[in-house]
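A.B. asks: I have a structure here, written as structure tokens, and I will follow up with some questions on it.
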Amino acid sequence: MPSTAFDKLVHDMRLLTPQERERIREVLDGKANGEAMSEDDFERLLVDVGFLAPLPGPAVSTAWEPVVVEGERVSDTIIRERR
């Protein structure tokens, strides 16, 4: 069983047909579109063919309001209790 993402990728690539392997080789060599592929494009390709799981998007930002607490500040409490 593959132990790292790279080992899994190599293992999965061995399961490809010769035509699929040739297509990957062309993409890696930059022959598919005449120029080398960027790292981001390569990662998108791996996600598209199922070798990598897509990363979750950024967390949705909600309106944030500070909580009003009565009494002394927490930092003051910590400093007082450490003395």
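The values are calculated or read from the model by the stated rules, or taken from the named source; none is laboratory data. Quick caveat, the model's predicted, so the values are computed rather than measured. Cβ coordinates were reconstructed from backbone atoms using ideal geometry, including for glycine residues, and neighbour counts include every protein chain displayed.
A.B. asks: Test Glu65 against the criterion of being under 26 Å from the mean Cα position of the chain (by Cα) and among the acidic types (Asp, Glu), and give yes or no. Outline the logic, then answer.
C.D. replies: Details: under 26 Å from the mean Cα position of the chain (by Cα): no; among the acidic types (Asp, Glu): yes.
Against the criterion (under 26 Å from the mean Cα position of the chain (by Cα) and among the acidic types (Asp, Glu)), Glu65 does not qualify.
A.B. asks: Out of everything in segment 24-53 that is assigned to a loop (DSSP other than H, G, I, E, B) and either loosely packed, with under 11 Cβ neighbours inside 10 Å or basic (Lys, Arg) (or both), what residue ends up being modelled with the highest pLDDT?
C.D. replies: Ala53
A.B. asks: Which is modelled with pLDDT of 80 or more, hydroxyl-bearing (Ser, Thr, Tyr) and either exposed (fewer than 10 other Cβ atoms within 10 Å of the Cβ) or out of contact with any strand residue (DSSP E or B) (no Cβ under 6 Å at 6 or more places or on another chain) (or both), of Ser75, Ser61?
C.D. replies: Among Ser75, Ser61, only Ser75 is modelled with pLDDT of 80 or more, hydroxyl-bearing (Ser, Thr, Tyr) and either exposed (fewer than 10 other Cβ atoms within 10 Å of the Cβ) or out of contact with any strand residue (DSSP E or B) (no Cβ under 6 Å at 6 or more places or on another chain) (or both).
A.B. asks: Separate question: Gly71 - would you say it is assigned to a loop (DSSP other than H, G, I, E, B) and at positive phi?
C.D. replies: For Gly71, the condition - assigned to a loop (DSSP other than H, G, I, E, B) and at positive phi - is met.
A.B. asks: Further question: Cβ-Cβ under 8 Å, sequence separation 6+ or interchain: first residue in segment 38-55 and closer than 12 Å to Leu28 by Cβ, partner assigned to a helix (DSSP H, G or I) and not β-branched (Val, Ile, Thr). Which pairs?
C.D. replies: That search, which allows pairs on different chains as well, returns Phe42/Leu28; Leu46/Leu9.
A.B. asks: Taking Arg80, is it exposed (fewer than 10 other Cβ atoms within 10 Å of the Cβ), part of a helix (DSSP H, G or I), basic (Lys, Arg) and modelled with pLDDT of 80 or more? Step through it out loud before you land on a result.
C.D. replies: On the way: exposed (fewer than 10 other Cβ atoms within 10 Å of the Cβ): yes; part of a helix (DSSP H, G or I): yes; basic (Lys, Arg): yes; modelled with pLDDT of 80 or more: yes.
Answer is yes for this residue.
A.B. asks: Now, a different point. If you check Leu9, Leu16, which single one turns out to be among the hydrophobic types (A, V, I, L, M, F, W, C), surrounded by 10 or more Cβ atoms within 10 Å (Cβ to Cβ) and outside any helix (DSSP H, G or I)?
C.D. replies: Answer to the selection: Leu16.
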